[in-house]
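Taking it in order: structure first as structure tokens, then the write-up.
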Amino acid sequence: MDISNDQKQSKGKKSTALRAAWIIPNVLCYFLLIYIGYFVGKNAEGLEETNMLGIWLFMLIAMLLVSLFGSYRIVYWIKKGKL
């Protein structure tokens, strides 16, 4: 009885560590998204003068898509029982 209980506890600890290993970078992606959005908003005129505004907006949209896809993937894996 104790062996199976120990295996469940170690699997639970592993699952928590694995979840943290995926969730922490995803949260950092959201912070980076907020920072890039702030940077673009604050420096839009200067970026437009140097014709870099389009590139920064593209990076902002790409970062949004990466963050959303990462969140979707994590939630999907948790529901499937992989995480």
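Every number here is computed from the coordinates shown, using simple stated rules; none is lab data. Keep in mind the model is a prediction, meaning the values are calculated, not measured.
Observations, loosely collected:
- The 3J(HN,Hα) values that the Karplus relation (6.51, -1.76, 1.60; θ = phi - 60°) gives for segment 45-57 are, in residue order, 5, x, 5, 5, 5, 9, 6, 10, 4, x, 5, 5, 5 Hz. Gly and Pro appear as x.
- A cut-off of 5 Å between modelled amide H atoms, ignoring neighbours fewer than 5 places along the same chain, links Leu83 with Ile78.
- Across segment 68-82, rounded Karplus estimates of 3J(HN,Hα) from the backbone phi angles (6.51 cos²θ - 1.76 cosθ + 1.60, θ = phi - 60°) give 5, 5, x, 5, 4, 5, 5, 4, 4, 5, 5, 5, 6, x, 6 Hz, Gly and Pro being marked x.
- Pairs of Lys residues in the chain are counted when their Cα atoms are under 15 angstrom apart and they lie 8 or more places apart or on different chains; the count is 4.
- In the calculated pair-distance distribution of the chain, the portion above 14 angstrom amounts to 71 percent of the Cα-Cα pairs.
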